[in-house]
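A short worksheet on the structure shown next.
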Amino acid sequence: MLSRNIRLLSRRYSQAVTFRTTESSPYLADGEKGAGKSLTLAHLLHFAHEDGFLIVHIPWVSDWLRRLPRDKEMSNSQSREGFVDIPLDAAAWLLHFKMQNQVLLKTGDLKTSKEYVWSKRESTPAGAPLAELVEHGIARVKYACDVIDVLLKEIKLLSNAKKCKTFVAIDGFNSFFYPLTRLSTPTKKKVAPEEVSLTAPFMEITKNDWTNGAIVVTTDQLAVPEDRQENYLPKYLLYQKGFEHLDPFVPMEIGRYTEREFLSCASYYRDRLWLRGPPELESELKLASACNPYNFMELCAPL
């Protein structure tokens, strides 16, 4: 069941990537909590995969900047003074990238444009497959952040040369622009997003200065602390800096269910036996959930 917003965004997106030959604006999906922004992005990722795109996807930016599990590792960047690395997160993302693009990476058609030296004994030669670059970042975790920086630069070059078409998808993009992260240095100094080495490569690839690709990002209230969840509008969540970074962009508000979509979803829940009871129950759920997809799902969970 695709909502009207998903169908509309997919249709507009399909037209954009089919005829895109010059620099173009990114797509920005926004909407209130639970409206279906992440699900919309999931449908677009499926479309991109089926259509042979090289996928650059961040499932949730806040996992890098705001969640602090006990095994979170942070170190000073060896290649950029004043920056901090989160190497385990970087290596995990490289593995994610490898799994999403394993078919394209196995062809060996995507190659590096120049040599990259990591240490006195380690280097990636010019003309090496991108798969070799990715494997190096996974195997040598200390270089994972630098590998991502190089990888995204090479992807932009390959896209401009029309050797691949690239789909960039980032969920919770506004987390990159909240003034502070939950990371801190050994001296207890709070780290800003722009001081995390993983931020810069994704800022570069979301600029509209390259061709043969598409950029779709979402803004989400849940990606930032509660003091910044009063409004879901992009200019509020992105701050001035983030808004200017994406501008001009194509806005796409992901709204609540329409009457037809709500009835379709309720019918599906009944078919799956997730919703039981008299038909009058649907009218009550419609009022209680205010046609918000997530709220409707939560209300149906115990029924």
*With +1 on each Lys and Arg Cβ and -1 on each Asp and Glu Cβ, how big is the dipole of the stretch 215-303 about its Cα centre, in debye rounded to the nearest 20?*
200 debye
*Roughly how big is the chain's charge dipole about its Cα centre, with Cβ charges of +1 (Lys, Arg) and -1 (Asp, Glu), in debye to the nearest 20?*
420 debye
*asked:* If DNA, RNA and ligands are ignored and the probe is 1.4 Å, what is the ranking of TRP210, TRP118 by accessible area, most exposed first?
replied: TRP118, TRP210
*Work out the FRET efficiency for GLU194 and GLN102 from their Cβ-Cβ distance, taking R0 = 25 Å, and round it to the nearest 0.05.*
0.20
*Can you give the accessible area of ARG140 in Å² (nearest 10), computed on protein heavy atoms with a 1.4 Å probe?*
90 Å²
*Number of Lys-Lys pairs in the stretch 181-303 under 29 Å by Cα, sequence gap 8 or more or different chains?*
8
*Taking only C-alpha pairs under 8 Å that are 6+ residues apart, what is the relative contact order of the chain in percent?*
29 percent
_Can you classify the stretch 37-163 as rounded, prolate or oblate using the Cα gyration tensor, where a ≥ b ≥ c are the square roots of its eigenvalues, rounded means a/c under 1.5, and otherwise it's prolate if a/b beats b/c and oblate if not?_
oblate
*Average Cα contact separation per residue, the stretch 164-303, under 8 Å, 6 or more apart, as relative contact order %*: 22 percent
*Taking the Cβ of ASP220 as the center, what net charge do the other residues with Cβ under 14 Å away carry, scoring Lys and Arg +1 and Asp and Glu -1?*
-3
*Work out the length of the dipole vector of the stretch 102-181 about its Cα centre, built from +1 on the beta-carbon of each Lys and Arg and -1 on the beta-carbon of each Asp and Glu, and round it to the nearest 20 debye.*
200 debye
*By how many nm would the segment from LEU222 to GLU50 grow when fully extended, if each residue of separation counts as 0.36 nm and the alpha-carbon distance is taken off?*
59.0 nm
*At 222 nm, what helix-only mean residue ellipticity would the chain give, in deg cm²/dmol to the nearest 500, using -39500 (n - 2.57) for each DSSP H run of four or more?*
-13000 deg cm²/dmol
*What length, rounded to one decimal in nm, is gained on full extension from ALA42 through to LYS162, with 0.36 nm per residue of separation minus their alpha-carbon distance?*
40.7 nm
*Pop a pseudo-label 7 angstrom from the Cα along the beta-carbon direction at both ARG140 and ARG276 and give the gap in nm to one decimal.*
5.9 nm
*asked:* Can you give me the accessible area per residue for the chain, using a 1.4 Å probe, in Å²?
replied: 51 Å²
*Of all accessible heavy-atom area on the stretch 243-284, the percent that carbon and sulfur account for (1.4 Å)*: 52 percent
*Counting only protein heavy atoms, what percent of the accessible surface of the stretch 33-188 is carbon or sulfur at a 1.4 Å probe?*
53 percent
_Anchor LYS120: aspartates and glutamates whose Cα lies under 19 Å away (excluding residues fewer than 8 positions away in-chain)_ = GLU132, GLU135, ASP146
*Among SER267, HIS57, TYR232 the positive-end extreme of the charge dipole of the chain (Cβ point charges)*: HIS57
*asked:* Can you find, among PHE176, VAL250, MET203, the residue sitting farthest towards the positive end of the charge dipole of the chain, where Lys and Arg contribute +1 and Asp and Glu -1 at Cβ?
replied: MET203
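The values are calculated or read from the model by the stated rules, or taken from the named source; none is laboratory data. Nothing here was measured: the structure is a model prediction, and the numbers come from that model. When we count neighbours, we look across all protein chains shown, and the Cβ atoms used for this are built from the backbone with ideal geometry, even at glycine. Quick note on the areas: whole protein, heavy atoms, side chains included, nothing else; ligands and nucleic acids left out. Shrake-Rupley method; radii C 1.70, N 1.55, O 1.52, S 1.80 Å.
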